[in-house]
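Just passing along the structure, written as structure tokens.
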Amino acid sequence: MADVPKKPSAPRTPLAWLDARWTPRPETVRRAALLALVMSVVIVITGGAVRLTGSGLGCDTWPRCTEDSYVTTPEMGLHGVIEFGNRMLTYVLSAAVGFFIAAARCAAPRRRSLTRLGWAQFWAVLSNAVLGGITVLTGLNPWVVAGHFLLATLLITVTTVAWLRSKEGDGPPRPLVGVPVRRVVLGLTVVTAALIVAGTAVTGSGKHAGDNSREIVRMPFDWEAVTRVHAVLAWIVVVGALAVLVGLRLVDAPPGPRARARDLVIVLFAQGAVGYVQYALEEPPLLVGIHMLGSTLTWIATVRLLLSLRERGAAPGGGSGGDDARLPAPTPAPQDEAAAAPGTG
């Protein structure tokens with residue numbers, strides 16, 4: 001297959017200069033998208049580790065670590081190392097996002113859908129870095145902490161969509177299932193988002209305030225009550241996911257959507273098991289951290305299910321045409337002798 005020529009671009013910016021010298025393969029773009037997704041999950045988990053080890057104010061100001069230093073000092077101990085390490089991982093995340101932006105910008109043909117998603121990731125990272133600083137400056141205000149987590153979930157949303165879009169083309173979306181199924185999955189996505197928001201209320205009113213050495217304001221909710229609300233929403237999501245899985249089999253949907261529904265059900269059952277054990281043991285930090293990881297995986301699985309209900313053709317340079325849609329091959333039209341007769345066409 002011949003190389004697709006790129007449009008010439010004047011080297012007026014670093015990206016334009018790189019574009020004139022580098023043409024990444026489609027596989028490179030997909031791997032860059034996946035790397036950005038993985039790092040967006042990692043930053044959530046390490047942020048949770050900061051909170052669960054009581055290191056939220058290990059660096060007690062921002063953007064510096066202390067009033068006199070931009071880096072941690074020996075006097076700050078392990079908490080300072082953990083908090084400062086999480087701050088440094090933001091630069092690793094930024095590098096991963098920058099790699100995806102560069103790969104999408106320099107690919108041939110250039111896909112504006114991917115470059116826009118890359119810059120959306122950039123702004124999400126920048127906004128969350130600022131909000132993380134506000135979290136420290138407000139002494140771990142639980143509402144700001146919750147917003148910090150939800151903005152990180154928004155980043156995971158964008159990186160997931162970018163990864164999935166990198167594996168498919170830019171044609172108009174073609175539905176793979178009927179309207180009723182699509183509406184149910186959309187409703188399931190909304191309830192899952194509500195479940196994640198409720199989870200921030202559980203954490204914000206629980207005992208893991210992020211710093212054990214001082215009094216931290218908590219959300220004014222009864223922890224038992226808000227935990228029950230969270231559990232009810234979780235069961236609604238589980239039942240909804242099971243209904244979608246059964247419905248997709250009944251309508252004989254393509255293997256891709258069925259596989260994504262199955263993945264979501266598996267993640268939900270694992271997440272539910274961790275959640276109930278965590279509740280019974282009164283929130284041990286390790287299980288809370290695993291539950292946070294499960295929250296990110298649940299949301300990724302939900303987004304994958306939602307986008308698997310349509311396909312946009314194969315990606316330039318080869319690809320699956322979607323998130324493992326595996327559409328059945330079109331059957332050739334039967335040869336009709338009458339249709340081939342003169343004067344009938």
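Considering every residue within the range 245-256, establish whether at least one is open to solvent by less than 20 Å² (accessible area, probe 1.4 Å) and among the β-branched types (Val, Ile, Thr).
Scanning the range 245-256 turns up no residue that is open to solvent by less than 20 Å² (accessible area, probe 1.4 Å) and among the β-branched types (Val, Ile, Thr).
Report, by residue number, each residue of the range 114-137 that is small (Gly, Ala, Ser), farther than 18 Å from residue 99 by Cβ and open to solvent by 30 Å² or more (accessible area, probe 1.4 Å).
127
Can you name the residue in the range 47-92 that is of a type in the set (D, E, K, R) and open to solvent by 50 Å² or more (accessible area, probe 1.4 Å) and, of all such residues, is nearest to residue 212 (Cα to Cα)?
The qualifying residue nearest to residue 212 (Cα to Cα) is 60.
Report, by residue number, each residue of the range 138-177 that is open to solvent by less than 30 Å² (accessible area, probe 1.4 Å) and of a type in the set (Ser, Thr, Tyr).
Residues satisfying the conditions are 153, 159, 160, 166.
Just give me the residues in the range 136-178 being among the polar types (S, T, N, Q) and within 22 Å of the chain's Cα centre (by Cα), in sequence order.
153, 157, 159, 160, 166, listed by residue number.
Would you check if there is a residue in the range 284-307 being of a type in the set (D, E, K, R), modelled with pLDDT under 95 and either exposed (fewer than 13 other Cβ atoms within 10 Å of the Cβ) or touching a helix residue (DSSP H, G or I) at 6+ places or on another chain (Cβ under 9 Å) (or both)?
no
For residues that are in contact with a helix residue (DSSP H, G or I) (Cβ under 9 Å, 6 or more places away or on another chain) and either assigned to a loop (DSSP other than H, G, I, E, B) or closer than 16 Å to residue 195 by Cβ (or both), tally how many sit in the range 213-224.
Result for the range 213-224: 8.
Restricting the search to the range 197-240, which residues are acidic (Asp, Glu), more than 15 Å from residue 275 (Cα to Cα) and open to solvent by 20 Å² or more (accessible area, probe 1.4 Å)?
215, 222
Okay, moving on. Which residue, of 84, 122, is more than 20 Å from residue 156 (Cα to Cα), part of a helix (DSSP H, G or I) and among the aromatic types (Phe, Trp, Tyr)?
None of the others qualify; the one that does is 84.
The values are calculated or read from the model by the stated rules, or taken from the named source; none is laboratory data. Predicted model, so just to flag it, every value in this text is computed and none were measured. Every residue, glycine as well, gets a Cβ built from its backbone with ideal geometry; the counts of neighbours run over all protein chains shown. These accessible areas exclude ligands, DNA and RNA; they are computed on the full protein's heavy atoms, side chains included. Shrake-Rupley method; radii C 1.70, N 1.55, O 1.52, S 1.80 Å.
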